[in-house]
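Here's the structure we're looking at; comments come further down.
Read the figures in this text as sums done on the coordinates, not as results from a lab. Given the structure is predicted, the values throughout are model-derived calculations rather than measurements. Every residue, glycine among them, receives a Cβ derived from its backbone with ideal geometry; neighbour counts consider all protein chains shown.
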Amino acid sequence: MNEFHLLEACDVRFGYSPGVPVVSGVSLAVARGSLCALIGPNGCGKSTLIRLFAGVLQAQAGEIRLDGVPLHGIPRKEAAKRIAYVPQSTAMAFPFTALEVVLTGRSPYTPRFRFENDSDRARALDALDTVGALHLASRPVTELSGGERQMVAVARALAQEPACLLLDEPSAALDLKHRAALVRTLVRLRDTRGLTALVVTHDLHLIDPVFDRVCAIRGGSVIVRGSPAEVLRDGVLAEIYDDAHVRTTRVDGRTLIWSE
Amino acid sequence: MTMRTISKPASITSRLWRAMALLALILLASAVVALWAGARQIDLAALRSDPFAQTLFFRLRLPRVVMAALIGSSLAAAGAALQALFRNPLADPFTLGVSGGGAVGASVAIALGWGARVSGIPLVIVAAFCGAMGAVVLVHRLARTGAVVLPGALLLSGVVVNMVAGAAVLTIQYVTDSTRALQILRWMIGSLDVVGFATIERMLFFLVPAWIALLAFAGDLHLLAIDEETAATLGVNIRRCETAVHVLCALMVGVTVAVGGAIGFVGLIVPHAVRLLFGEDLRIVLPGSFVLGAAFLVSADAVARTALSTTELPVGAVTALLGGPMFLWLLRRRQRYSAL
């Protein structure tokens, strides 16, 4: 066990159909208190990998470790107090209020046959406030926009008070203001509470300069890993996305990326 | 924005107690009306002195009201649980073909002889449970793609299972002898006619443990109703919860179908009525459906008994006349904001 790493994938393999691997032998470690971005082209296995980290899927070979302990060996409720996951899709069938959704984040702390208490409600409202969605507390989630639902889902994950946050394309439906607010929140929680976050994203402008590490996946395997400055470069991105037209430039200490 | 702008929401405990108190009053009122209503109205004075009124009340009317309450509770709770498990507001034992599967099992048992038993348990209950279990597992398998249960595929699978079940029951009626075919026909119409409490005691033997076990899963179902992946990462054992809900709903539906026939839409109407009154939290909707389901079927049966002066209506016809339009209204409402 490396005490520096909170979350580790050790030679993890997974496929939805026999003989068709989606994640093939990934080894990846996320340092404690760091923000790590997971990038790669569509269908490369990013979401599958983050679902393996979340424990939604079970690795067919290899192991996911949390604090050096195999994730499948940690009781579910205990794991839920340490890892929170926000899936890509936030659509819901029933018109729960945003507060009811965020309160579910307190369920790992609520004994069976008991209900959330006043302190849980205060934490849930605090989580909504943190993502700038307090005004949505009593609104039915089925009436919210995709971006608003995404904020509620992030608030639910924050209400879990996890050591590690796993986000699958959290900014996909967010406007400029809320996208920036999400990044600020992640940075603040990393700096103040030592939060570790693994974020799947296609939004490469989200990464530089705030993320500590970037890991690129292609064809189910890690092909590049490094700091944002090392990965967000013309040649490297061209290899990751198989696109010779990728260009980057530095403006005011940030990397701008586009494809010609 | 400060947090003071959001009014403090009532705690779930106080909301649950308020809901249960109100629903218990509704159940009490519906039971009193149902016990009083009928071709012959029974007043308290007659109940004290008239042996005929006593027999009518204690041997026929009271058992019938209790039977309606048991079946209504079971179907409504099963509906609430299946809606949460499948994350589909249109799910119900009837629309998913679970009642249809139970009907096939019960028809097979009736064709083999009403009195047949397996280890002391009436074959009709065992067969209805097996049929209901087969249907719920089949529909779930057909509708599931990876971690997603496709809502359209779920309902279509339910429709097809119901059609096949209907054809199977007709075939069984056709090949069995005429007396048993008539028994199947009478049973299919669905009736809560019961004499004494023997059948009710037998039902309670199966239903009480199933109710308690299902209520124990209310918290997990609340998380599942929001999202399956999220529920899994919040500590819910999805496989265990799915299996338990399948078995418990099949048992509850199987027992009620075996005794009262396939009574439709109770599991659709009642959970939505509870949601409209008390919100979406499954930890309120599930026990609430349980109590309101009893009140609903007790009332529907009272209507079935008294609507026509010449004859009784099948209670299933009353619930279907209410439930069909409600299904269409929900379908229309759902299309506005969700992919079906």
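Considering the zone a paramagnetic label at B:Arg240 would reach in this model (a point 7 Å from Cα along the Cα-to-Cβ line), which residues of segment A:63-79 have amide N under 18 Å from it?
Residues A:71-79 qualify, since their backbone N sits under 18 Å from the label point.
Considering amide H positions built from the backbone, and no H for Pro or chain starts, which residues 5 or more places from A:Gly25, or on another chain, come under 5 Å of its amide H?
Hits under the 5 Å cutoff: A:Val12, A:Arg13, A:Phe14.
When DSSP assigns beta bridges and you keep just the ones with both residues in segment A:151-260, what percent turn out antiparallel, to the nearest 5?
Bridges in segment A:151-260 are about 70 percent antiparallel.
Given R₀ = 25 Å, FRET efficiency for B:Trp329-B:Val160 by Cβ-Cβ distance, to 0.05?
Taking R0 as 25 Å, the efficiency between B:Trp329 and B:Val160 is 0.60.
If each of B:Thr306 and A:Leu176 carries a label point 7 Å out from its Cα toward its Cβ, how far apart are those two points in nm?
6.8
Let me know the charge dipole size of the protein assembly as shown about its Cα centre in debye, to the nearest 20, where only the beta-carbon of Lys, Arg (+1) and Asp, Glu (-1) is charged.
About 1000 debye.
Under 5 Å between amide hydrogens, which residues at least 5 positions from A:Ile223 or on another chain qualify, with H placed 1.01 Å from N in the peptide plane?
A:Ala216, A:Ile217, A:Arg218
Determine, from the Cβ-Cβ distance of B:Phe197 and A:His205 and an R0 of 60 Å, the FRET efficiency 1/(1 + (r/R0)^6), rounded to the nearest 0.05.
Here the calculated transfer efficiency is 0.25.
Test of understanding: what is the full-extension gain from A:Arg254 to A:Asn117, defined as 0.36 nm times their sequence separation minus their Cα-Cα distance?
44.9 nm
Using every Cα-Cα pair within the protein assembly as shown, state what percent have a distance larger than 49 Å.
22
Kindly provide the helix-only [θ] at 222 nm of chain B, computed as the sum of -39,500 (n - 2.57) over DSSP H runs of four or more divided by all residues, to the nearest 500 deg cm²/dmol?
Value at 222 nm, helices only, nearest 500: -25000 deg cm²/dmol.
For segment B:219-324, report the convex hull volume of the alpha-carbon atoms normalised per residue, in Å³, without decimals.
Expressed per residue, the convex hull around the Cα atoms of segment B:219-324 is 102 Å³.
Treat each spin label as a single point 7 Å out from the Cα along the C-beta direction, and report the B:Leu28 to A:Glu239 distance in nm.
7.7
In whole Hz and in residue order, list the ³J(HN,Hα) couplings for segment B:287-296 that follow from phi through the Karplus curve 6.51 cos²θ - 1.76 cosθ + 1.60, θ = phi - 60°; x for Gly and Pro.
x, x, 5, 4, 6, 5, x, 4, 4, 5
Using 0.36 nm per residue of separation minus the Cα-Cα distance, give me the extension gain between A:Gln58 and A:Arg139 in nm, one decimal. Display every interim value, and only then the final one.
On the way: separation 81, 0.36 × 81 = 29.16 nm, distance 3.50 nm.
Gain on stretching A:Gln58 to A:Arg139: 25.7 nm.
When A:Val231, B:Val160, B:Val66 are ordered from fewest to most other Cβ atoms inside 10 Å of their Cβ, what list results?
B:Val160, B:Val66, A:Val231
Identify which of A:Ala93, A:Ala163, A:Ala61 has the largest mean-square fluctuation in a Gaussian network model of chain A, with springs joining Cα atoms closer than 10 Å.
Residue with maximal mean-square fluctuation among A:Ala93, A:Ala163, A:Ala61: A:Ala93.
How big is the dipole moment of chain B about its Cα centre under a simple scheme where the beta carbon of each Lys and Arg is +1, that of each Asp and Glu is -1, and everything else is neutral? Debye, nearest 20, please.
In total the dipole reaches around 440 debye.
Using alpha-carbon pairs under 8 Å, 6+ residues apart, how would you state the relative contact order of chain B in percent?
Computed value for chain B: 30 percent relative contact order.
Just going by the charge dipole of chain A, with Lys and Arg at +1 and Asp and Glu at -1 on Cβ, which of A:Ala172, A:Val102, A:Val246 is farthest out on the positive end?
My answer, from the dipole projection, is A:Val102.
Residue by residue through segment B:204-214, what is 3J(HN,Hα) from phi via Karplus (6.51 cos²θ - 1.76 cosθ + 1.60, θ = phi - 60°)? Round to whole Hz and write x for glycine and proline.
Values, residue by residue: 4, 4, 8, 6, 4, x, 5, 4, 4, 5, 5 Hz.
Report the calculated FRET efficiency for B:Ser14 and B:Ile121 (r = Cβ-Cβ distance, R0 = 45 Å), to the nearest 0.05.
Taking R0 as 45 Å, the efficiency between B:Ser14 and B:Ile121 is 0.60.
If I take every Cα pair under 8 Å that is 6 or more residues apart in chain A, average their sequence separation and divide by the length, what percent do I get for the relative contact order?
24
Given Cα pairs under 8 Å that are at least 6 residues apart, what percent is the relative contact order of segment A:55-138?
Working: 44 pairs, mean separation 20.8, N = 84.
Normalised by residue count, the contact order of segment A:55-138 is 25 percent.
Give, in whole angstrom and from largest to smallest, the semi-axes √(5λ) of the equivalent ellipsoid of chain B, with λ running over the eigenvalues of the Cα gyration tensor. Please list the in-between numbers first.
Details: eigenvalues 215, 143, 61 Å².
The answer is 33, 27, 17 Å, longest axis first.
For a quick check: with amide H placed at 1.01 Å from N, whose amide H comes under 5 Å from A:Leu7's, ignoring anything fewer than 5 positions away on the same chain?
Excluding prolines and chain starts, which carry no amide H, the hits are A:Val30, A:Asp67.
Quantify how strongly other chains surround peptide A:66-79 by giving the mean number of their Cβ atoms within 10 Å of each of its Cβ atoms.
1
Principal axes first, then extents: for the Cα atoms of chain A, list largest minus smallest coordinate on each axis, whole Å, largest first.
54, 42, 35
For segment A:5-101, what is the charge dipole size about the Cα centre, in debye to the nearest 20, if Lys and Arg each add +1 at the Cβ and Asp and Glu each add -1 at the Cβ? Show your work: numbers first, answer last.
Numbers: 9 positive and 6 negative charges, 15 e Å.
The dipole magnitude comes to about 80 debye.
I need B:Val124, B:Val270, A:Val20 ordered by Cβ neighbour count within 10 Å, fewest first.
A:Val20, B:Val124, B:Val270
Residue by residue, what Karplus-based ³J(HN,Hα) values in Hz, rounded to whole numbers, does segment B:165-182 have, using 6.51, -1.76 and 1.60 with θ = phi - 60° and x for Gly and Pro?
5, x, 5, 5, 5, 4, 5, 4, 4, 5, 8, 8, 6, 5, 5, 5, 4, 5
Which order do A:Lys177, A:Lys46, A:Lys77 fall in if you start with the one that has the fewest other Cβ atoms within 10 Å?
A:Lys177, A:Lys77, A:Lys46
For chain A, with a Gaussian network of springs between Cα atoms less than 10 Å apart, report the residue from A:Gly226, A:Gly40, A:Gly55 with the top mean-square fluctuation.
A:Gly226
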